[in-house]
1. Just wondering, is there one or more residues in the stretch 141-161 that are surrounded by 15 or more Cβ atoms within 10 Å (Cβ to Cβ), modelled with pLDDT of 90 or more, more than 26 Å from Ile84 (Cβ to Cβ) and among the hydrophobic types (A, V, I, L, M, F, W, C)?
2. Being without any contact (Cβ under 8 Å) to a residue 60 or more places away in the chain, surrounded by 12 or more Cβ atoms within 10 Å (Cβ to Cβ), polar (S, T, N, Q) and closer than 30 Å to Arg85 by Cα narrows it down to one of Gln227, Gln213, so name that one.
3. Go over the candidates Asp182, Asp216, Asp193 one by one and state the one that is of a type in the set (D, E, K, R) and more than 21 Å from Glu154 (Cβ to Cβ).
4. Do the conditions hold for Ser271, that is, is it at pLDDT below 80, among the small types (Gly, Ala, Ser) and loosely packed, with under 15 Cβ neighbours inside 10 Å?
5. Listed residues Trp136, Trp69; which is at pLDDT below 85, farther than 25 Å from Pro295 by Cα, in a helix (DSSP H, G or I) and out of contact with any Pro (no Cβ under 6 Å at 6 or more places or on another chain)?
6. If you scan the stretch 97-119, which residues turn out to be among the polar types (S, T, N, Q) and either at pLDDT 75 or above or in a helix (DSSP H, G or I) (or both)?
7. Using beta carbons and a limit of 6 Å, which pairs, at least six apart or on different chains, have the first residue in the stretch 176-197 and closer than 14 Å to Arg211 by Cα and in contact (Cβ under 8 Å) with a residue 12 or more places away in the chain and the second one small (Gly, Ala, Ser) and surrounded by 15 or more Cβ atoms within 10 Å (Cβ to Cβ)?
Amino acid sequence: MITFLVPFFAFLAIILIILLFYGVWTHFFSTLNKAKKERLQAIHNAVHLGGQSLSITQTPLGDSALETWLRSRSGAFGKLENLIRRANSRLTAGRLMSLMLALFMVVVASGFLLHQTNPLILLLLAAAIAGTPLLWLLRQASQRRKAFEDKLPEALDYISRALRAGQSLTSAMGSVGKEFPDPIGGEFKTVFDEISFGISFKEAIGQLAERVQSNDLSFFVISLMIQHETGGNLTELLDGLAKTIRERFKLRGKVRTLSSEGRMSAMVLGSMPFVFIAILMLINPGYISMLWTTPQGHTLLLIASGLMAVGLVVLNQITRIKV
């Protein structure tokens, strides 16, 4: 039974590792994200007072000396903390790294206790399982961003109506924080609290865009920046932005419907090898068992798993059309 699970675990390990590297590349090294972060960083630097920021959210309290040292020396550690904030997780970057290291050591130790003879598969599986907390955080951050974007047009309409009723922009954001559910309500409440504590308006909304990292929200933040500098009718600006975001939602739904066939093809192609392995195990177990009982079979499994993983990622990119 254990030898039968070897190809499945090998494929699962390679899939998780490729997804891990792909997620890290998309969120940390993508050119689009890099340009957006540079724009937000420029806004952040513009509102510093004498080189000292007034933010109360940039430096967490109660950090260990190691976390403080890593934050000052490693940019990747800061990006990991930003990911945790976007996922709204109670973990800290130090605890996350400790958890990943513990998972890696547990899998390696379990492999040696079970006399796993292939160290490459063992290391791949250990790295894949150790990376699952990071993949979970990436998924949580993506779901939180999507939930924020779904409610953003309604929040913009609410702010526009509040401005027409005579409220200020800051108090309108505070009302959004009270009336709307999390995550959009919590994020706008954070902006309102930061402004109330004395942080400048530009810095507060710049940090909002940095926490959520949504293209639609970036449009809103940049529009407020321009309006704050040049003036203009803010209610018309918000109404037009809400309409544009809704049209993007409609177009995104149409694209998802048209690409559903490609996504289904990826699911079918990805499941076919496992179906064939199960059929051959029932018909001729000795024939298929050569894949996980011989060194040559292990090599073929690793190559096939890697090619399948790359193919699934390519199919996913073909069917994912950005709007």
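The values are calculated or read from the model by the stated rules, or taken from the named source; none is laboratory data. As the structure is a computational prediction, the values presented were derived from the model and not from experiment. Glycine gets a Cβ as well: all are built from the backbone with ideal geometry, and neighbour counts include every protein chain shown.
1. Yes, there is a match, as at least one residue in the stretch 141-161 is surrounded by 15 or more Cβ atoms within 10 Å (Cβ to Cβ), modelled with pLDDT of 90 or more, more than 26 Å from Ile84 (Cβ to Cβ) and among the hydrophobic types (A, V, I, L, M, F, W, C).
2. Numbers: Gln213 fails: without any contact (Cβ under 8 Å) to a residue 60 or more places away in the chain.
From the options Gln227, Gln213, the qualifying one is Gln227.
3. Details: Asp182 fails: more than 21 Å from Glu154 (Cβ to Cβ); Asp216 fails: more than 21 Å from Glu154 (Cβ to Cβ).
Residue meeting the stated conditions: Asp193.
4. Values: at pLDDT below 80: no; among the small types (Gly, Ala, Ser): yes; loosely packed, with under 15 Cβ neighbours inside 10 Å: yes.
It is false that Ser271 is at pLDDT below 80, among the small types (Gly, Ala, Ser) and loosely packed, with under 15 Cβ neighbours inside 10 Å.
5. On the way: Trp136 fails: at pLDDT below 85.
That would be Trp69, the only listed residue that is at pLDDT below 85, farther than 25 Å from Pro295 by Cα, in a helix (DSSP H, G or I) and out of contact with any Pro (no Cβ under 6 Å at 6 or more places or on another chain).
6. Ser98, Ser110
7. Ile184/Ala155; Phe188/Gly177; Lys189/Gly177; Val191/Ala204; Glu194/Ala204
Residue-by-condition table, conditions (1) among the polar types (S, T, N, Q); (2) exposed (fewer than 13 other Cβ atoms within 10 Å of the Cβ); (3) in contact (Cβ under 8 Å) with a residue 60 or more places away in the chain:
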{"position": "Ser259", "(1), (2), (3)": "yes, no, yes"}
{"position": "Met267", "(1), (2), (3)": "no, yes, no"}
{"position": "Ala278", "(1), (2), (3)": "no, yes, no"}
{"position": "Thr294", "(1), (2), (3)": "yes, yes, no"}
{"position": "Leu312", "(1), (2), (3)": "no, no, yes"}
{"position": "Gln317", "(1), (2), (3)": "yes, yes, no"}
{"position": "Arg320", "(1), (2), (3)": "no, yes, yes"}
